[in-house]
Structure formats: structure tokens, C-alpha cells
Amino acid sequence: MSYENILTRVDGRVGVVQINRPKALNALNSPTMSELTTALAEFDADDTIGCMVVTGNDRAFAAGADIKQMATAGLVDMMNSDFIGYWDKLKAITKPIIAIISGFALGGGNELAMACDMMLASETAQFGQPEINLGIIPGAGGTQRLTLAVGKAIAMDMCLNDRRLSAAEALQFGLVSRVFPKEVYMDESMKIAHEIANRAPVAIRAAKEAVNMIFEVNLASGVAHERTLFYSLFATADQKEGMDAFINKRAADWQGK
Ligand code: DAK
């Protein structure tokens, strides 16, 4: 399929979606979110893809939802817009999605990154929820996912007073898992994407599902769900293969079965 606002490519078992509205700092309008979620769903359905990447360019991952698109909208326009539905489509993706962030990740851009499963960053990355400057608040999960990631103190600072986090702070506060020098962030991040893409596919999906469960349910329910997923993996050929490979000191050959 051809797209106007994103670029897609397949690199080994990694499906890459690059937001491509550089003149607007990758602001996320509805067509962009529609294309992005369509491309991810296609990669999700493709057995040759093990992991997906969402990225922008060196200057901006995404500077937020498109303010020009929202500026004249009224209450009902916003309620009727399909914008929030795109986050639900992201949630339905079963394979891991890695956000690779350089430059601005602001507002809906940071919310998009947080809706992915992992966030890897260039040292130039800058994270913020500046909606307060526009007379609004985060509306795509920002107040919730951010608070779960960095805690109330930092989340309040960001949402009430537009505090921006540097990449080093984002690492320190647990928003991102790794930060790389700007010259190598993409290569280093893609190495991680390739590693994940080549791991046991069924177990990878189960691990993603289990970790994300803590955002949906209480601890007891999450632990119970984890246990069910854990037991179910003993019905896979990959569990037999992985343990046999360990015992016989050889590399595992995953079948995804
Ligand atoms: N939307 C539209 N255009 C944007 C944009 C944005 N978010 N951010 C930047 N641009 C455009 C600029 O207008 C400018 O376009 P031209 O004037 O050249 O046509 C171009 O990108 C370059 O930007 P600047 O000239 O401003 O570049 P600077 O380096 O000086 O500044 C900046 C970079 C990132 C600091 C600045 O552009 C900035 O503050 N941008 C806005 C950041 C922001 O406020 N983001 C939050 C947006 S609100 C929803 C749920 C959630 C949301 C919406 C709906 N529903 C439940 C329905 C989310 C809302 C948001 O994200």
C-alpha cells in the first residue's frame, strides 16, 4: 500500500514505520494516525515480521497532535473525531512495537511513544506534555501512562507546568529504557529491534501481553493472567526447542509454534 504521511520498510524481521511530515515536525493529524495504525496492523498480520518500529526523523519523533487541525474544532467535533480510536488500534497490535525517538516527543507525540511497548532514545530526545500552553490537557492517555512511568511528582511538573525531560532525565525517571549517542541511535536501536524480532514469537507476544496487563487490571488479576500465559507456553514447540537448545548447548531454532 502507498502512504502519504508515513514511510514503511521491512528490515529483516522488523517492520519500520517512519512518520514523514518533516515540515510540521511530524505533527499527528488523522490521516497520519490512520496510515500509521494501518501499516502496523499489516505488519502484525505478517508472519515474517517479529517486531515493529515507530520512528520519526532526527529533529522530531512527533511534536504532538496537529494543532492546526484541532484549532477550530468544537466539543462535538472532538468527541466525534476518530483520533482517539487510533490509540485503541495500537492496543490491538499483538507484536512488540518499539518507539525510536530523536528530537521532539511532545503532547500526542509522547503519548504515541508511550503507547508503544518500548521507548529507545537519542541523546537529543526531548519529552513533554505542553498541552497546558494551548488551554487543554493530554487526551490520549498522557496523564495516565506518564504518571505510571515517571510517578506523580514528575508527571505533575510536566502536565501542569510544561516541564520538558531530556533524554538523560527520561532514562533516570524510567520513561525510556535506553539512550544512545545521536550518531548511532538508529543503528543501536535497530539492533535491539532485530534481537527481539528473532526471539521465540509466541513467547514474545505472551511477554508483551503479560507486562501490559499491569496497566489494565489489579496485581492479583495480572499475576493470574501471567500464570495462564506461562502454562500455555508449555504447549508450544518453541518451549521444547528452547529448553533442549539450552541443555545441548546450541542455538535455538524458533518455529513460532
Ligand atoms: N501541530 C501543527 N503544526 C506544528 C506542530 C503541531 N503540534 N508543531 C510544530 N508545527 C509546525 C509549526 O507550526 C511550523 O510550521 P510553519 O509555521 O513552518 O508552517 C513547523 O512545524 C516548525 O515548527 P516551529 O517553527 O515552531 O519550530 P521550532 O523549532 O521553533 O519549535 C516546537 C519547535 C516543537 C517547540 C514548537 O513547534 C512547538 O511548540 N510545537 C507545538 C508543540 C505542542 O504544543 N504539542 C502539543 C499539541 S496538542 C485527542 C487526544 C490527544 C490530542 C489530541 C486529541 N483526542 C482524544 C481527540 C493531543 C493533543 C496535542 O498533542
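Taken together, the values in this text are just the output of simple stated rules run on the coordinates, not laboratory data. Just so it is clear, the structure is predicted and the values come from calculations on it, not from any experiment. When we count neighbours, we look across all protein chains shown, and the Cβ atoms used for this are built from the backbone with ideal geometry, even at glycine.
Summary of values
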item	result
Residues of the stretch 168-184 classified as over 16 Å from Leu112 (Cβ atoms) and either in contact with a helix residue (DSSP H, G or I) (Cβ under 9 Å, 6 or more places away or on another chain) or assigned to a strand (DSSP E or B) (or both), total	8
Count of the stretch 61-79 residues which are under 12 Å from Ser30 (Cβ atoms) and polar (S, T, N, Q)	1
Given (1) within 16 Å of the ligand (Cβ to nearest atom); (2) assigned to a loop (DSSP other than H, G, I, E, B); (3) out of contact with any helix residue (DSSP H, G or I) (no Cβ under 8 Å at 6 or more places or on another chain), index of the condition Asn133 fails	(2)
So Asp117, is it within 12 Å of the ligand (Cβ to nearest atom), acidic (Asp, Glu) and closer than 23 Å to Gln144 by Cβ	no
Near pairs, Cβ below 6 angstrom, 6+ apart or cross-chain, from the stretch 237-253 (touching a residue at least 12 places away in the same chain (Cβ under 8 Å)) to any residue that is surrounded by 10 or more Cβ atoms within 10 Å (Cβ to Cβ) and in a helix (DSSP H, G or I)	Asp238/Val202; Gln239/Leu233; Ala252/Glu241; Ala252/Gly242; Ala252/Ala245
Residues of the stretch 17-53 classified as crowded, with 21+ Cβ neighbours inside 10 Å, part of a strand (DSSP E or B) and away from the ligand (no atom under 16 Å from the Cβ), total	4
Search result, residues across the stretch 61-119 that are touching a Lys or Arg at 6+ places or on another chain (Cβ under 9 Å), small (Gly, Ala, Ser) and part of a strand (DSSP E or B)	Ala62
